[in-house]
Structure formats: C-alpha cells, structure tokens
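Structure first, commentary second.
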Amino acid sequence: MAIEGGKDNAAGGRIRLGMVGGGEGAFIGGVHRIAARLDGEFDLVAGALSSDPDRARASGAALGLMPERSYASFAEMAKREARLKNGIEAVAIVTPNHMHYPAAREFLKRGIHVICDKPLTSTLPDARKLAALAEKSGAVFVLTHNYTGYPMVRQAREMIASGMLGRLRVVQAEYPQDWLSERLEATGQKQADWRTDPARSGAGGCVGDIGTHAYNLACFVTGLAAEELAADLTTFVDGRKLDDNVHVMLRFSGGARGMLWASQVAPGNENGLRLRVYGEKGGLEWEQEQPNHLWYTPFGEEKRLITRGGAGAGAAAARVSRIPAGHPEGYLEGFANIYQEAARAIRAARDGGGRPDPDVLYPTVSDGLAGMAFIDACVRSSARNGQWVRL
C-alpha cells in the first residue's frame, strides 16, 4: 500500500487508486481489486467502501487502508483526495447502478480518472450528462465491460476488421443465466436485491445487467452499431419488478441483422455468453465458458479451431495473453486486461496529457452511453408491443 507523501507522478510509480463501493459482501469489488493487482499497476490507497459508515470503516480496515483514508462518503473522499499531495489518481466505482453518475461526477470534476462498472448509469439522461462531463474533464474514463479483454475476443475483432469474414450479414449474441429463476430478492440476497429494484438498477433488469454485456460484445467485435431494434422484455417470476428475460431483433449499420437473447431464468445456464458472426466469406463462434477457443469457418471449408496461443492466433490475442497456450485464462484475466489498458492510458495522461498507443483498447464513456441507449430503446420498444424503434 502506498504511503501518503511516498510517491510522485513519475512514470514508473504505481497508480494510486481509490474505490467507491465494494465493501463487505460485495462480489464485484473483490473482482476489481484482484484485476487491479494482477499486473502490479495500481495501489489501493483510499476508499469509500459502503454507504454505511460503520461498514465502510470495517471494510477499509480489512483491506489495510489507513483510517484517515477510509471515508464515510464518496463526496468527502473526492474533496480530500483531490487536495492531498499524493491523493488518488484514479477511482474504481463499483456501486449499484444509480450511484455511478453522482460518484463519477465528483471525481471527474476534480480531474481524477474513473474506472466504472457497467452499465454506465441507471438512466439515459444521466449517461448523457456523464459523457459530457467526462469529455470536458479530459480525464481517462474506462467502463469495465470485461469481456472485451479476453484474448480470443480480440482475435475475433482483428479477423473481422481485416476482412476475413467479408461483408457482415448476421450477428447473434446471447447471455443466459439461471440464478434468478426464483424470487431470490425476497430472501434479502444482496446481489439479487438491488439488481431487481428499479430505483437502484434503472428501468432495465436482465437487459441492463447482462443484456448490455451481450450488446457491447457484439458491437466491439464487429465494429457495427445498431440503428433500430425491436424488443420483448418479459418478467416471468411473480412479484418481480423488472424484466428477467429479453429477446431483441437488431438492424445494424451497413445492413447486417442481429438477434440478442438474455435471460436470468434459463435453468442449466450459468454464464452462457456467446457470440456468432457470419459474413459473406465465413463465420466465427465464441463462448465465454470456453474462452480460449474461437471457431472459424471459411465458407465452403471445414470448421477450424483457433486457440489462444496456438496456430492461427494473431498479435491482438497475444498482446493480452499472460501464460503459455494450454493453460486457461478467463474472467479474472480478462478483467485485469481492462485494468492494464486503463493503466496504459493513465500513464500516457501523466506524461503531459499524452495519448496511449493506438492498440490500447478499452470500453469508454461513449460505449457506456451506447449501452444506455440500447437499454432505453429496448424498454421503449417492449412497452409498444415490440415496435421497431431507433436508438
């Protein structure tokens, strides 16, 4: 842990990181901390780890934060850290969705870089305001759509960009889970409780929680943006306030057509994120539960398996791979790749506001805004009985 006054902004120094949310009992906070530590790029030196002051202090102590840098609120943390000689350079925001905007706002207006969990905010108007503020601040803003950090996702993106599939025709994305097949939120389970609460999650339930991952992955890999969609959002579990299943048809720029299915009530599925892309010259298939495999089929030829580190894998995959081929890399490493990209961008900003190398890729506030527009369009379309709407 960095000691106050012990480090400066020299290019070789670790990036001083703060965290908002992610205290006791929070799954995603632990994931962010592991990802930030994996490559030794960050030191967690401050936190406002809970909206409950006692829990915030206890969580800070458990993580070894100095008492004076374990804060009762993110507003207090932003004000004090901005005044410290060696205050935080970046903050990770890992709260429920409705707190993303107010927390990020406090740090951005002080020039502190933001690494924010998805979706960007809980409402589209807040997302627009946050995007404008991020642009004005000049700070680095990273949205942790972690699946964009997987090596074979980068491989697929590179193959499509190079024209190996030709003009794209069909894009299919899905993300089925089964953990909300019963009304788990009624038991007080923390993760289910806030995700099914419109006041904290926003207007989208399943579509916001995991549908945005599927949509972001489809856009990241293909380079396409959806122009119109028709959505059917369904709530199958009695008493639930938000959708737990969504079907979406998509019309992409350039003429490609897409389908997206996300569900949290599909028994037998854990985290079944999958992407299939088909063009004039061939197709690609990838699934998150087998992340080191990418299937490629040139039209009229046999299906080929490309593995991370194996024959056929290119520079884009190698750049974000850590260990030799045959040893599995997955969720935590993909998340860490986003933090590593964030570190490269922050280090470039340290050097007189420079820009990182062109191959540094991470989801930005613009991607977050696109995700919120997707949620908003799905909600509007479903309310109109599946009518086609523009994003």
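A few comments on the model shown:
- Tabulated pairs, segment 375-388, first closer than 18 Å to residue 210 by Cα, second part of a helix (DSSP H, G or I) and among the aliphatic types (A, V, I, L, M), C-beta under 8 angstrom, 6+ apart or interchain: 375/124; 375/207; 376/124; 378/207; 379/207
- Here residue 311 clears all of (1) free of Cβ contacts under 8 Å to residues at least 12 places away in the same chain; (2) of a type in the set (Gly, Ala, Ser); (3) within 30 Å of residue 89 (Cβ to Cβ) except the condition numbered (3).
- All positions within segment 180-192 that are surrounded by 16 or more Cβ atoms within 10 Å (Cβ to Cβ) and touching a helix residue (DSSP H, G or I) at 6+ places or on another chain (Cβ under 9 Å): 180, 184, 185, 191, 192
- Enumeration of residues in segment 321-344 that are closer than 18 Å to residue 288 by Cβ and either in a helix (DSSP H, G or I) or of a type in the set (Phe, Trp, Tyr) (or both): 331, 332, 333, 334, 335, 336, 337, 338
- Tally, over segment 347-374, of residues that are surrounded by fewer than 22 Cβ atoms within 10 Å (Cβ to Cβ), over 23 Å from residue 158 (Cβ atoms) and not acidic (Asp, Glu): 8
- Residues of segment 166-195 that turn out to be polar (S, T, N, Q) and under 19 Å from the mean Cα position of the chain (by Cα), as a count: 2
- For segment 111-125, the criterion of being farther than 24 Å from residue 391 by Cβ, touching a Phe, Trp or Tyr at 6+ places or on another chain (Cβ under 9 Å) and of a type outside the set (A, V, I, L, M, F, W, C) is satisfied by at least one residue.
- Just one of the listed residues (248, 265) is modelled with pLDDT of 95 or more, β-branched (Val, Ile, Thr), more than 21 Å from the chain's Cα centre (by Cα) and closer than 28 Å to residue 150 by Cα, and it is 265.
- Taken as a whole, the condition of being touching a strand residue (DSSP E or B) at 6+ places or on another chain (Cβ under 7 Å) and over 24 Å from residue 351 (Cα atoms) does not apply to residue 129.
- Single residue of 190, 241, 281 found to be among the charged types (D, E, K, R) and modelled with pLDDT under 95: 190
- Test: residue in segment 138-147 that is part of a helix (DSSP H, G or I) and farther than 18 Å from residue 103 by Cβ: yes
- Residue ranges of strands (runs of 3 or more DSSP E) in segment 198-316 with at least 3 members closer than 30 Å to residue 333 by Cβ: 245-252, 257-263, 274-279, 282-287, 293-298, 304-307
- Any hit, segment 345-353, residues being part of a loop (DSSP other than H, G, I, E, B), within 21 Å of the chain's Cα centre (by Cα) and at pLDDT below 95: no
- Residue in segment 118-130 that is part of a strand (DSSP E or B) and either surrounded by 24 or more Cβ atoms within 10 Å (Cβ to Cβ) or of a type in the set (Asp, Glu) (or both) present: no
The values are calculated or read from the model by the stated rules, or taken from the named source; none is laboratory data. Note that the structure is predicted; figures quoted are calculated from it, not measured. Note that each Cβ is placed from the backbone with ideal geometry, even for glycine, and that neighbours are counted across all protein chains shown.
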